[in-house]
1. Sorted by average packing, counted as other Cβ atoms within 10 angstrom per residue and highest first, what order do 318-329, 157-168 take?
2. Starting from the 7 Å offset along Cα-to-Cβ, what nm value, one decimal, do you get for the label separation of E14 and D331?
3. The stretch 7-124: percent of C-alpha pairs farther apart than 26 Å?
4. Starting from the Kirkwood Rh over alpha-carbon pairs, what translational D in µm² s⁻¹ does the chain have by Stokes-Einstein at 37 °C and 0.692 mPa s?
5. Under a Cβ-only charge scheme (Lys and Arg +1, Asp and Glu -1), can you give me the dipole magnitude of the chain about the Cα centre, in debye to the nearest 20?
6. Looking at F280, Y246, Y266, which one has the Cα that reaches farthest to the positive end of the dipole of the stretch 229-297 (charges on Cβ: Lys, Arg +1; Asp, Glu -1)?
7. Can you work out the FRET efficiency for the pair D146 and Q383, with r the C-beta to C-beta distance and R0 = 22 Å, to the nearest 0.05?
8. Which FRET efficiency value, to the nearest 0.05, is calculated for H177 and A291 with the Förster distance at 45 angstrom and r the Cβ-Cβ distance?
Amino acid sequence: MLDYFDMESTLSEEERLLVDSARSFIDGEVADIGQHWIDGTFPTDLIPKMGEMGFYAPNLEGYGLPGVSETAYGLLMRELEACDSGLRSMASVQGALVMYPIHAFGSDAQKEEWLPKLGTGEAVGCFGLTEPEHGSNPSAMETTADPDGDEYVLNGSKTWITNSPIADVAVVWARDHGEEDTPVRGFLVETDRDGVATNKIDEKLSLRASITGEISLQDVRVPKENRLPGVEGMKGPLSCLTQARYGIAWGAVGAAADCFEVAREYATDREQFGKPIGGFQMQQEKLAEMATQITLAQLLAHRLAELKEAGEMRPQHVSMAKRNNVRTARDQSRIAREMLGGNGITADYSPMRHMANMETVYTYEGTHDIHTLILGEDLTGIQAYQ
Ligand SMILES: Cc1cc2nc3c(=O)[nH]c(=O)nc-3n(C[C@H](O)[C@H](O)[C@H](O)COP(=O)(O)OP(=O)(O)OC[C@H]3O[C@@H](n4cnc5c(N)ncnc54)[C@H](O)[C@@H]3O)c2cc1C
């Protein structure tokens, strides 16, 4: 993988081992990801195998989780997304959006029940924040949780939820009507409860190797112990998003770097006008720009990891890295596709698959526009959301 400034030389033994094992896992087990993308399926047989490999929340500690460095975790996301954004999304949702909130805000009983089986992939989780009428502004959510004796009764509807049709448990964010100011709170909702439906969203033209669905909640009763006790307000879901966006900032580097390698190889093989197309200045300019932009994204990801490790990372740092690195992957995958000519539009090569995936990655976990507004507010002190 492209590493123009030799960042690999700064890695620890543990980090290098993790990269090597992730690469050999992907080479050995995920060769058919292009076919899954065409079929619109996720290789579900890989879910426990990815657990065995330690791909779910390895940066957390306890409950059998190894607590690897933030750089190691980022590199893992990079390797997974170099294969496909669907694979990285599986690990991001399970680790950063489901295990993280249970680990950070859950009761001991919730942690003991869920973290070991989510970590091994024996159970699958999903994260329900987005609603049909509230995407970029989730704080306007309409899903409610009403206390009734020892239980809460949940009503509402979530959409665009990665893995909801195959999930055993959903972290559902809802307004708690048990308190006067109806704060947002997280609830662990087992998907086999009465009143839960998780319909699949079909015919996506992006992130096809990932299962996406809705969560409909009609008078769903959960015990009061299913509420996450340790957090209240939008801080709950937003802190999960910071963790997942961190992984995306790294993952986008992987997708872009894979496109670069494919384009470079093609440019040195493919001959037109009697020589490899890589011998023409225009193609060299594309490769030079691609390598430069990917290197900048990679350096940003490494610095973000240092800040996270030191406890100095702010959500705005993550916004800048997610915004920049996904834009880089979106732009550069398109250039790579272009360099492959007609072959570039076939499923035989990865750039167009990455390019289509990037439309989702550009949109979820805060759209590019929303991250622009987060940075604008940080830089001026003035909110421009509404
Ligand atoms: C494949 C996929 C998987 C997903 N997985 C999950 C998941 O697991 N869990 C989950 O909760 N959600 C998930 N999402 C939802 C995702 O987070 C939302 O799609 C995203 O937040 C945008 O919301 P929206 O689609 O409603 O767009 P909208 O919020 O309606 O935005 C539409 C457009 O308006 C722009 N816009 C909105 N507000 C402003 C403003 N104030 N100023 C300027 N422009 C603005 C946006 O940038 C965008 O371009 C997923 C989405 C996709 C596509």
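The values are calculated or read from the model by the stated rules, or taken from the named source; none is laboratory data. Just so we're clear, the structure is a prediction, and the values are computed from it rather than from any experiment. Cβ sites come from the backbone with ideal geometry, for glycine too, and all protein chains shown count toward neighbours. To get the accessible areas, we keep the full protein, side chains included, count just its heavy atoms, and leave off ligands, DNA and RNA. Shrake-Rupley method; radii C 1.70, N 1.55, O 1.52, S 1.80 Å.
1. 318-329, 157-168
2. Placing both labels 7 Å beyond Cα along the Cβ direction yields 3.6 nm.
3. Of all Cα-Cα pairs in the stretch 7-124, 19 percent lie more than 26 Å apart.
4. On the way: Rh = 21.4 Å.
D, rounded to a whole number, is 153 µm²/s.
5. With only Lys, Arg, Asp and Glu charged at Cβ, the dipole is about 1020 debye.
6. So the residue we want is Y246.
7. Numbers: r = 32 Å, r/R0 = 1.44.
So, using R0 = 22 Å, E works out to roughly 0.10.
8. 0.25
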